[in-house]
Amino acid sequence: MTDDPDLRGVREFHQERPGAAPGALDRVRRRVQTATAAPHAPRFLLPRWAAPAAAAAVVAAVVGGAAVLGAAGDGTPQPGGPTAGPGRPTSAASTAAEGTVALWLKYGAPVPVPAVFAQLDQAAAGNTLAVPHPGELLCSHTTMLTRSGPSPSPGSAPATAQAGVRCFEPEGLLEVPPPSAGDVKGQSPAEQLAAARDGFAAAGPGWGYPTASWLATLPTDPDLLLAGFRAGSRGPAEVDDLTRWQQYGRFLARVDPLLPAAQRAAFHRLMGRLDGLTAAEAFTVSGKRLYAVRLTSGTIADELLFEPGTGRLAGHVELTVGPGGGDPVPVRQELWKHVFQPAAGWAVPSATAPR
Amino acid sequence: MSMLHTMAEPRRSLPDVAGLFDQHGAELLRYCAGRVGPTVAEDVVADTFLIAHRRRHRLPDGPARAWLYGIATNLLRRHRRTETRALRALARTGRDPDLIDIADGAAARADASALTRRLATVLAALPARQRDVLLLYAVAELGYEEIARTLDIPLGSVQSALHRARVKLRAALAAGPAAHESPDGGSR
């Protein structure tokens, strides 16, 4: 292979483009193995819905959210979770597999999906969204459990628990690099944030850079909202229901703390149109009750967790059916909590610099 | 492989898709992510190996790597607009586009250098075939004949496409920092 400067430049350019998402290789391997091991080999391409991929990667990577597992609000200790007081940043940490069995959600009675969304809408309408004060960041605390694959019963396979925090500027949801962040592609954390701000300034509020005021302008008519959502999404306008479900989940997870009740209800109506939905109560290790709304498609199930009391999104579960069939088994579970906290607490000078 | 071995195995056994994935999955995923972003790349690579599984009896003689790149390249064509849009955005703003896909947004934080923006401008403006050939040659490091087989086009077309792409590439690189300001051309 020639090493002429132009070709070398292309190679280096390619290397600097976004790489594969964390865990992507394992997810793709699982999809391939599942599809090729099926008793009846698929006649069609593995559809996009077979990708818990995006949901897992994106929801985990981006949104963050909080350790509702033994949620901070419950006062229950969390494995590897925030150890400082509310609003204090914590660094990511992981725990050993031991002791993670009890952290998987316990499922309760099934609930009609329309009833769940109706209750969530009502709860959201009765709750006022917190408004960030100037200089505050939106920080998402996540507790995540993962195991390598389906198993006969939850917890019987090796699992790991992790917790972490990511912080964003409320305007545009620009990620503020964590205190321990180093250079990325030669850019300091301050430069990374400055670049993100430049991008926001150039593009303005929108699907890529949501702001509270922009979210409040989204249509509350589901059809109009869907049209806007399609226009703001990349990829084909028509997608299968699992893919759409995952897209909704990713977006809601990102904007949850800023989304007004009316627009949230419109999203719930859109979600309720999808096929394959079921819902049930789910309980954290501390006994906190959630609604788990699950979309099942083939051997893949994707579940969003909602807080009945506030209507807010609280987490995400990825499930898969093992080779022997049976009920889907969770292979990845995330619980989130969002808090506004002073930017100074995040300890990155750029986060407190004037915009 | 010895002659004796070859004669004792007149028909090659069908490739095992799991083995192929272990050998080439990560590389293909990286290649596709660099072209269409991490989320779409997962779909493309999964589809690539499923197609490979279905067509494994048609695996041509020679390494499977180029064959897999060929399948992936065909699948990537479905996402041509996505790829071009991202390249144009990168060329224009120095950042990957502001997509709803949060993973992409996070991955695209870093501002690009002037050189990166010029390269993005050139790649966005290349016709589809020239872009495919250039990236298969420069990034996947396939040879002319492999690319020709992979894309099912004549060898001369590969050479011609690569030559034209490289001419544009060199011109842009030589043009200096202002090159990224030029209007984006068509890509199809």
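The values are calculated or read from the model by the stated rules, or taken from the named source; none is laboratory data. Quick caveat, the model's predicted, so the values are computed rather than measured. Ideal geometry is used to build each Cβ from the backbone, glycine not excepted, and the neighbour counts take in all protein chains shown. Heavy atoms of the whole protein, side chains included, go into the accessibility calculation; ligands, DNA and RNA do not. Shrake-Rupley method; radii C 1.70, N 1.55, O 1.52, S 1.80 Å.
Take the accessible area of B alone and of A alone, subtract that of the pair with a 1.4 Å probe, and the total buried over both chains is about 5400 Å². Peptide B:159-170 is shielded by partner chain Cβ atoms: per residue, an average of 2 of them sit within 10 Å of its Cβ. Computed extension length for residue A:327-residue A:128: 67.9 nm, one decimal, from 0.36 nm per residue of separation with the Cα-Cα distance subtracted. Annotation: amide H-H contacts under 5 Å for residue A:137 (H modelled 1.01 Å from N, sequence separation of 5 or more, or interchain): A:341, A:343. Close amide-amide hydrogen proximity is noted between residue A:300 and no other residue 5 or more places distant or on a separate chain, at a cut-off under 5 Å (H modeled in the peptide plane; Pro and chain starts excluded).
Find the relative contact order for the range A:246-316 and round it to a whole percent, using C-alpha pairs within less than 8 Å whose residues are 6+ positions apart. Normalised by residue count, the contact order of the range A:246-316 is 24 percent. Other protein chain C-beta atoms within 10 Å of residue C-beta, averaged over A:188-194: 1.
Between the amide H of residue A:314 and those of A:305, A:306, A:307, distances stay under 5 Å, these residues lying 5 or more places away or on another chain, with hydrogens modeled in the peptide plane.
Per-residue shielding of B:26-34, expressed as the average number of other chain Cβ atoms within 10 Å of the residue Cβ, stands at 5.
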